[in-house]
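J.: Here's a structure for you.
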Amino acid sequence: MSRAGATAAEGRRAVEAVWRIESARIVGGLSRYTGDFALAEDLAQEALAEALVTWPREGVPRNPAAWLLTVGRRRAIDGFRRRAALDDRYAALARDLGEGGATSGGPAPEAGDDLLRDPDQIDDDVLALAFTACHPVLSREARVALTLRVIGGLTSDEIARAFLVPTATVQARITRAKKTLAAARVPFEVPPPEERRERLGSVLSVVYVTFTEGSTASSGDELMRVDLAREAVRMARILARLLPGEAEVLGLLALLELTAARFPARTGPDGEPVLLEQQDRRRWDRAAIRRGRAALARAERVGHGLGAYGLQAAIAECHAVAPSVEATDWERVVIIYDALGRLAPSPVVDLNRAVAVSMAGRPEAALRIVDALVAAGALPGSHLLPGVRGELLTRLGRTSAAREALTRAIALCGNAAERGVLERKRDALDPA
């Protein structure tokens, strides 16, 4: 590669890295200055496009994030000028920039460096961005797409690949989300305290859903989408830094860290799934376990009892500290699932509790829990319920019924890697 080509490639890599790390601060800063979230996101994208042209040619500026923010603000000024010459908003923005009638052409001045130096204001901007992107007026799909775009810094193509949908679908979701926020006149702000807890639940739910899809993909050939899960962990870390006194934020971070710690051992050399009882625990990420346990300890200190995410993190901690599946404190796991079921009842919690009851040496009791879920029509269309039922029936020696349950689970499973595991379990059973 020629020297010019190498410089251009370096510039493109720098743009991608800065955008992934700083996009939330940039969009948040532009939202604060324009008062318009949708406009701010468009301006940030325009600044990114200009960087892709300018940086490979002229080099990476000393403060890349400030460069992008300054260009975005210049574009805002140009737009305000076109719509209404020298109105109050334009004049205020121009005075802030200290550049009078400057246009969007040319490199951004390093005088813009101070735009990103106030950590308290930046924190407010990123937090407001999270609450805006996860506003209840948006559908869950729209919240996920918009959050990954503005907080995670992912492109539409990356989001589409992560969730196995067309790029056009992601783009349409983001466009509709911005129009919905504008139509509903959603302010760019951190909600008042009386609304914050309810809205925070939506933010945490989006991060959790994102991580869940990354840790066990609902479809496709690969068991995990590690990049997607890592983005969720990064977003959880940001929230924990911005809201250090919120126990459920810390509980979610603990859950994600402790779960992600097992990623290195969850697949074999060829990407095939490795079940928990067969994993080499020496491959677990001990640094992630320490971070997760520290976050869980902080959640216990600042809260009045653990919430739903914190209880799940406590279960994950039981696995993290156990030397083996057999040595896991399954009775404690069952007790925590009992508490979780009272706090946040759901069929998935009951199903996981059944697994823990079985591992604690009571497969018959576990099967009764699962059969009650089947009778109630719980989790229709999911492979999880027949998959667990097949496992329990196998432990109880009811081979014919186990084969039937596993066959149903295979038919419902959308992930090829998981489906292969189920097929091997079924095929290992003695013929009926």
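Every number in this text was worked out from the coordinates using simple rules, so none of it is lab data. What you see is a predicted model; the values in this text were computed from it and never measured. Every residue, glycine as well, gets a Cβ built from its backbone with ideal geometry; the counts of neighbours run over all protein chains shown.
J.: So how much slack lies between S205 and I21, counting 0.36 nm per residue of separation and subtracting their Cα-Cα distance, in nm?
T.: 64.1 nm
J.: If I stretch the segment between S400 and A327 completely, what's the gain in nm (0.36 nm per residue apart, minus their alpha carbon distance), one decimal?
T.: 23.2 nm
J.: Along Cα→Cβ, 7 Å out, is where each label goes; now give me the distance between the ones at S218 and R290 in nm to one decimal.
T.: Once both label points are built, they end up 3.7 nm from each other.
J.: Another question, then. With unit charges on the beta carbon (Lys/Arg positive, Asp/Glu negative), name the residue among Y208, A240, L253 whose Cα is farthest towards the positive pole of the charge dipole of the chain.
T.: Y208
J.: Ok, one more. When only Cα pairs under 8 Å and 6 or more residues apart are kept, what is the percent relative contact order across the stretch 329-384?
T.: 32 percent
J.: Taking the Cβ of A128 as the center, what net charge do the other residues with Cβ under 9 Å away carry, scoring Lys and Arg +1 and Asp and Glu -1?
T.: So the surrounding residues net to -2.
J.: Then there is this: I'd like to verify something in the chain: which complete DSSP H helices, judged by Cα projection on the helix axis, reach 27 Å or more and average at least -1.0 on the Kyte-Doolittle scale?
T.: Membrane-span-like by this criterion, though nothing is claimed about a membrane: 3-34, 37-58, 64-83, 193-215.
J.: What number do you get for the stretch 277-378 when its Cα radius of gyration is normalised by 2.2 N^0.38 Å, N = residues?
T.: On the way: Rg = 14.8 Å, N = 102, 2.2 N^0.38 = 12.8 Å.
Here the answer is 1.16, to two decimals.
J.: Moving to a separate point now. Run the quick spin-label model on R241 and S346: label points 7 Å from Cα toward the beta carbon, then report their separation in nm to one decimal.
T.: Each label point is offset 7 Å from its Cα along the Cβ direction, giving 2.8 nm.
J.: Further question on the same structure: Listed highest first by mean packing, meaning other Cβ atoms within 10 Å per residue, what order do 70-80, 239-249, 200-210 come in?
T.: The densest-packed peptide leads the list: 70-80, 200-210, 239-249.
J.: Suppose every K and R has +1 on its Cβ and every D and E has -1 on its Cβ; what is the size of the dipole of the chain about the Cα centre, in Debye to the nearest 20?
T.: 280 debye
J.: Then there's this: For the charge dipole of the chain, defined by +1 on Lys and Arg C-beta atoms and -1 on Asp and Glu C-beta atoms about the Cα centroid, which residue among H135, A356, G377 has the Cα displaced farthest towards the positive pole?
T.: G377
J.: At a threshold of 8 angstrom on Cα-Cα distance, excluding pairs fewer than six apart, so keeping six or more, what relative contact order does the stretch 335-432 reach in percent?
T.: Dividing the mean separation by the residue count of the stretch 335-432 yields 20 percent.
J.: Which listed residue (T328, P193, T175) has the Cα farthest towards the positive end of the charge dipole for the chain, taking +1 on Lys and Arg C-beta and -1 on Asp and Glu C-beta about the Cα centre?
T.: Working it through, the farthest residue towards the positive pole turns out to be T328.
J.: Now for a different question. How high is the relative contact order of the chain, given as a whole-number percent (alpha carbon pairs under 8 Å, six or more residues apart)?
T.: 10 percent
J.: Still on this structure: Of the listed peptides 357-370, 131-144, 184-197, what is their order by residue-averaged count of other C-beta atoms within 10 Å, with the highest listed first?
T.: 131-144, 357-370, 184-197
J.: Given just the C-alpha atoms of the stretch 335-432, how large is their convex hull per residue in cubic angstrom? Intermediate results must be reported in sequence, preceding the final value.
T.: On the way: hull volume 9.6 nm³, N = 98.
It is 98 Å³ per residue.
J.: Can you figure out the FRET efficiency of V274 with R81, using R₀ = 41 Å and their beta-carbon distance, to the nearest 0.05?
T.: Once the sixth-power term is evaluated, E becomes 0.10.
J.: Could you calculate the FRET efficiency of T169 with R283 from 1/(1 + (r/R0)^6), where r is the beta carbon distance between them and R0 is 35 Å, rounded to 0.05?
T.: The pair T169/R283 has a calculated efficiency of 0.45.
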